[in-house]
Amino acid sequence: MINFIKKVKDKNLLFENFSEDELRTMEGAISVLMHIYYSELERLLKRKKESFPKLTQEDKYELENEIKSYEDDIVELKRILSKLNNILNNFKHLN
């Protein structure tokens, strides 16, 4: 799902080209995806806290990169969800 969302962003496809039902489906999917990403980020941060001193330098580097990747994706998902919510609010005002 996140790859689809990034493709929408990268290709400058407009959310306005989708129907309200399609946008609501995307909104739900993004919300679920964010929940999954937050859970995984929490797991990684817990792992870092508990075992970071015991990890090799390479494992520390990989863990830090994985954490950063999840944080970046969450920020991007929040940005997209905000834009999507603004468009959905416009639908409400039109009805």
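The values are calculated or read from the model by the stated rules, or taken from the named source; none is laboratory data. A quick note: this is a predicted structure, and the numbers were derived from the prediction, not measured. A quick note on method: Cβ atoms are made from the backbone with ideal geometry, for glycine too, and the neighbour counts reach across all protein chains shown.
Which one is modelled with the lowest pLDDT among residues in the range 10-39 that are closer than 18 Å to Asp73 by Cβ and surrounded by 14 or more Cβ atoms within 10 Å (Cβ to Cβ)?
Checking each candidate, the answer is Met26.
If I ask for residues that are modelled with pLDDT under 95, among the charged types (D, E, K, R) and under 12 Å from the mean Cα position of the chain (by Cα), which ones from the range 40-77 would you list?
Selection gives Asp72, Asp73, Glu76.
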